[in-house]
1. Find how many whole Å separate the alpha carbon centroid of the range B:1-64 from the alpha carbon centroid of the range A:92-134.
2. Calculate the dipole size of the protein assembly as shown relative to its Cα centre from +1 charges on Lys and Arg beta carbons and -1 charges on Asp and Glu beta carbons; express the result in debye to the nearest 20.
3. Just checking the output field for B:161-172: average partner chain Cβ neighbours within 10 Å of each residue's Cβ?
4. Rounded to the nearest 500, what is the 222 nm mean residue ellipticity of the protein assembly as shown from helices alone, with -39500 (n - 2.57) per DSSP H run of 4+ residues and division by all residues?
5. Over the alpha-carbon set of the range B:126-201, work out the extent along each principal axis and list the three values in angstrom, largest first.
6. Can you pull a Stokes-Einstein diffusion coefficient for chain B at 4 °C (1.567 mPa s), Rh from Kirkwood over Cα pairs, as a whole number of µm²/s?
7. Where in chain B are the DSSP H helices whose C-alpha atoms run 15 Å or more along the long axis and whose mean Kyte hydropathy is at least -0.5?
8. Please name whichever of B:Ala125, B:Thr138, B:Val109 sits farthest to the positive end of the charge dipole of the range B:92-236, dipole taken about the Cα centre and charges placed at Cβ: Lys and Arg +1, Asp and Glu -1.
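The values are calculated or read from the model by the stated rules, or taken from the named source; none is laboratory data. All values reported here derive from a predicted model rather than from experimental measurement. As a convention, Cβ positions derive from the backbone with ideal geometry for all residues, glycine included, and neighbour counts pool all protein chains shown. Keep in mind that these areas ignore ligands, DNA and RNA; they rest on the heavy atoms of the full protein, side chains included. Shrake-Rupley method; radii C 1.70, N 1.55, O 1.52, S 1.80 Å.
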Amino acid sequence: MALLDVADLWAVVEAPTGEAPAVRGVSFALAHGRTLGIVGESGCGKTLTALAIMGLLPRGVHGRGRIGFAGVDLLTQPEDTLCRLRGQRLAMIFQEPMTALNPLHPVGRQVAEPLRIHRGMGQAAAYAQALRLLTEVGLDQSARRMSQFPHELSGGQRQRVMIAMALICGPDLLIADEPTTALDVTVQAHILDLVRALVDERGMALLLISHDLGVVAETVAEVAVMYRGRIVERGPVTAVLGQPAHPYTQGLMQALPRLDARRGERHRVVPGAVPPLGPPEPGCAFAARCALAEPACRTSDPPMAPAGPDHTAACIHIAAARGAWRP
Amino acid sequence: MMGSSRGASTASLWVGGGLVGVVIAAALVSLAWTPHPPTAMALSERLQGPSAVHWLGTDHFGRDVATLLMAGARTSIVVGVIAVGLGFVIGVALGVLAAARRGWLDELVMRLCDITFALPAVLSAILLTAWLGPGPATAIVAIGVFNIPVFARIARGAALTIWPREFILAARVAGKGAFRITLEHVLPNIASVLLVQATIQFAIAILAEAALSYLGIGTQPPAPSWGRMLNEAQTFMYLAPGLAVYPGLAIVIAVLGLNLLGDGLRDALDPRLARGR
């Protein structure tokens, strides 16, 4: 059985004008040792999906559906059960290591804290384990840094601290929400290598959330592409990014800046922008921005259709789209 | 520009600290020693001017004014500390609770604060006196109650700016409950704001204690109090103006000192300024 089994997850934002679904019927499963990436533009529901799994949806956002984790439905668990799971079996790292650490506490204390909360460990034992892990995640001079404050560390060092903090209790599932977006490219590569190595070594499941196709391609085995709260394409990362079947995924691929582009060649972007949240309308959510859209796209939402081995896409034009796509 | 404002804030920190230090020192010394016993009356020596024996002269009962000022400082500080402490503890607890829970509890706490604010403080103090009788305890309760909504609002407002911060989310991800987060993450991060407010509330409390004692609601004779001294000096304004000037000056020194200290602390503890250091 899968460790994480998300089935028909909705996240509905309460607004004065009515309810607006930000995540609309997302389903995926993730087993121990497997890695899944979720990509999409800002506002497509990636982060809300992650927060729903952690049971930390913001006020005014309601989760519906089912989030199975090790046999229980996280959406129906009371807060104290979730508190026990968080930090212990569910862990998450964030985009901004700058702001995700409490500026007033030394980093060693912050890394050791989950052990003291969940395992009831004494200070000395927890600190010793925190130091071992900080060394393992490659924080240089980790012994000295234990007593330093977040502002004394660089962005990359802080992200290593965050990773150590997330992993200290040996979680089953690690959610990484844009873990490298705020970092320099060189540091980014180190952190991604580290995450991948730790996931392999510990047999954790990894849910990587990113808008960066390069980061996803390097780090995970499977990928799901989200658009306006739905998964529009999913499959092995090589298939989805190598032969994208959904026009939106193709748009994302074409929008990547290329070093080998000829001078003066126009950078191709997905026309339009993600529409603002609102009540659901019939038809394919991407139809308004899609070059292949036809009347049928605007009447009913296309179901997921096979596009290759383990590869599916929610588009009625998969064959036509493939033909039209030029990398 | 930055340098001069920082210099000014350092100056207000030191001047304010100095003035407050003088008042506190006077109160502390009065515990062990005063020039004369605070309640010793000598009608033969009443309404004297300053002299070597009575530094600031004597009042209409022949009591030594310098002694009364020192002992009055004690009253002001005790009433102020207890009243502000009361308001601080209850107000901050309510404020951070409201910020952590939000929803109906938040509404309830804030509307109660509005109601307390809407009542004229002196009128409520007189009502309270009718119920509890005059005395320092009445003054403490009256001042303390009006400090609760001040601290509740400040604490709630400051806590609400901390809750959306990412390290709070990270703490929740680590499995911490709201109580623990409030204690370990919210309170330390709003402590400086609360400290500055407490200093300023302390100044207001000293003024309020003097006002209530002046009205006869607060400290009762023969216990010395600045407000009572002002009240009693009124009759002898033209005969011995010093009797009104000295306690008035004492109140000015204490209140000015606390306000300067509060201003200085605010700038010294402001993390946006501290970063540049």
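1. With the range A:92-134 and the range B:1-64 each reduced to a Cα centre, they are spaced 51 Å.
2. On the way: 49 positive and 43 negative charges, 92 e Å.
Charge dipole, the protein assembly as shown, about its Cα centre: 440 debye, nearest 20.
3. Working: counts 0, 1, 1, 1, 4, 9, 13, 3, 9, 14, 10, 8.
If you average over the peptide's residues, the count of other-chain Cβ atoms is 6.
4. Working: 22 runs with 308 residues, N = 604.
Calculated at 222 nm, the ellipticity per residue is -16500 deg cm²/dmol.
5. Extents along the principal axes: 53, 23, 15 Å.
6. On the way: Rh = 20.6 Å.
For the chosen part, D equals 63 µm²/s.
7. Values: long enough: B:2-32 (45 Å, 1.32); B:65-101 (52 Å, 1.94); B:103-118 (23 Å, 0.76); B:121-132 (16 Å, 2.24); B:136-162 (37 Å, 1.45); B:187-214 (39 Å, 1.49); B:242-269 (39 Å, 1.40).
Span-like helices here: B:2-32, B:65-101, B:103-118, B:121-132, B:136-162, B:187-214, B:242-269.
8. Working it through, the farthest residue towards the positive pole turns out to be B:Val109.
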